[in-house]
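**Student:** Can you keep this structure in mind? I'll have questions shortly.
The values are calculated or read from the model by the stated rules, or taken from the named source; none is laboratory data. Computed from a predicted model, the values in this text were never measured in an experiment. Counting neighbours? That spans all protein chains shown, and the Cβs are built from the backbone with ideal geometry, glycine included.
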Amino acid sequence: MAAAHTYTPQGEALTALILEIFKANGRLLAAGDQLAGPVGLTSARWQVLGAIALAAAPQPVANLARNMGLTRQAVQRTVNELSAEGFVGFDANPHHQRAKLVVLTKKGRAAYEAVSRLQGPWANALASGLTAKDLIAAARVLATLTNKLDAA
């Protein structure tokens, strides 16, 4: 017989939240594929382009992966695909000869901006009926959980 799990009320609530996050993640990825598809991107490619576009300075793949909470290998595979299709390029890294800096090309910047223009109205529609206060609180809870996971 399987051992019974004993949860605190917080542990039980967190488990329910985690299950909802898993479901939401799958649906967000599917929605992202639909949104980014007409621009020639997938959710994964859009996410990597966003990490590159929003970085304060060009970053190597390892830093992008760390900031995104993904493996270096997964981000490298996506960067390689983006490079093959002309969305990103590479610059020399003054701090590491082999770890090139990933940069958006003109095509990559245009694709990222095109999807961003589509994402605004989509986000507004999805947020309809929710309060900014609730969404800010949810984001704060998720950020706290992420920080705790990073520290573990």
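**Student:** Sort out which residues of segment 31-55 are assigned to a helix (DSSP H, G or I) and hydrophobic (A, V, I, L, M, F, W, C), and write them in order of number. So that I can check it myself, show each step before the final result.
**Tutor:** First pass over segment 31-55, keeping only residues assigned to a helix (DSSP H, G or I): 31-39, 43-54.
Hits for segment 31-55 are Ala31, Leu35, Ala36, Val39, Ala44, Trp46, Val48, Leu49, Ala51, Ile52, Ala53, Leu54.
**Student:** Let me ask something additional. Return the only residue of Arg45, Arg66, Arg72, Arg109 being among the basic types (Lys, Arg) and more than 15 Å from the chain's Cα centre (by Cα). Don't jump to the end; show me each part of the working.
**Tutor:** Working: Arg45 fails: more than 15 Å from the chain's Cα centre (by Cα); Arg66 fails: more than 15 Å from the chain's Cα centre (by Cα); Arg72 fails: more than 15 Å from the chain's Cα centre (by Cα).
Going through Arg45, Arg66, Arg72, Arg109 in turn, just one is among the basic types (Lys, Arg) and more than 15 Å from the chain's Cα centre (by Cα): Arg109.
**Student:** Another one. In this structure, is Ala65 loosely packed, with under 14 Cβ neighbours inside 10 Å and not charged (D, E, K, R)? First the steps, then the outcome.
**Tutor:** Values: loosely packed, with under 14 Cβ neighbours inside 10 Å: no; not charged (D, E, K, R): yes.
No; evaluated as a whole, the condition is false for this residue.
**Student:** Which ones in segment 75-95 are modelled with pLDDT under 95 and of a type in the set (Gly, Ala, Ser)?
**Tutor:** Ala92
**Student:** Identify all residues within segment 31-54 that are without any contact (Cβ under 8 Å) to a residue 60 or more places away in the chain, within 14 Å of Ala123 (Cα to Cα) and out of contact with any Ser or Thr (no Cβ under 7 Å at 6 or more places or on another chain); write none if there are none.
**Tutor:** Gln34
**Student:** Does segment 56-69 contain any residue that is part of a helix (DSSP H, G or I), touching a helix residue (DSSP H, G or I) at 6+ places or on another chain (Cβ under 8 Å) and of a type in the set (S, T, N, Q)?
**Tutor:** Yes, some residue in segment 56-69 is part of a helix (DSSP H, G or I), touching a helix residue (DSSP H, G or I) at 6+ places or on another chain (Cβ under 8 Å) and of a type in the set (S, T, N, Q).
**Student:** Quick check on this structure: which one of Ala53, Ala3, Ala24 is hydrophobic (A, V, I, L, M, F, W, C), out of contact with any Leu (no Cβ under 9 Å at 6 or more places or on another chain) and at pLDDT 95 or above?
**Tutor:** Unique residue meeting the criteria: Ala24.
**Student:** In a loop (DSSP other than H, G, I, E, B) and under 22 Å from Pro121 (Cβ atoms): does that describe Leu28?
**Tutor:** Numbers: in a loop (DSSP other than H, G, I, E, B): no; under 22 Å from Pro121 (Cβ atoms): yes.
Here the answer is no, as Leu28 does not meet what is asked.
**Student:** Pairs, please: C-beta under 9 Å, at least 6 apart or cross-chain, first residue under 14 Å from Gly69 (Cα atoms) and in segment 131-152, second assigned to a loop (DSSP other than H, G, I, E, B) and of a type in the set (Gly, Ala, Ser)?
**Tutor:** Thr146/Gly69; Leu149/Gly69; Asp150/Gly69
**Student:** Count, please, the residues in segment 92-106 that happen to be loosely packed, with under 11 Cβ neighbours inside 10 Å and under 15 Å from Ile52 (Cα atoms).
**Tutor:** 1
**Student:** Condition first: β-branched (Val, Ile, Thr) and outside any helix (DSSP H, G or I). Now tell me which residues in segment 126-144 satisfy that.
**Tutor:** Taking segment 126-144 first, the residues β-branched (Val, Ile, Thr) are 131, 136, 141, 144.
The answer is Thr131, and nothing else.
**Student:** Can I ask one more? Which residue is surrounded by the fewest Cβ atoms within 10 Å (Cβ to Cβ), if the candidates are limited to segment 115-134 and must be over 30 Å from Gly40 (Cα atoms) and not charged (D, E, K, R)? Give the steps one after another, and end with the answer.
**Tutor:** Quick first cut of segment 115-134, residues over 30 Å from Gly40 (Cα atoms) only: 129-134.
If we keep only those that are not charged (D, E, K, R) too, we end up with 129-132.
Working: Gly129: 6, Leu130: 10, Thr131: 9, Ala132: 8.
Taking the candidates together, the pick is Gly129.
**Student:** Given (1) out of contact with any Leu (no Cβ under 8 Å at 6 or more places or on another chain); (2) not in a helix (DSSP H, G or I), where does Asn147 come up short, assuming only one miss?
**Tutor:** Checking Asn147 against (1) out of contact with any Leu (no Cβ under 8 Å at 6 or more places or on another chain); (2) not in a helix (DSSP H, G or I), the one that fails is (2).
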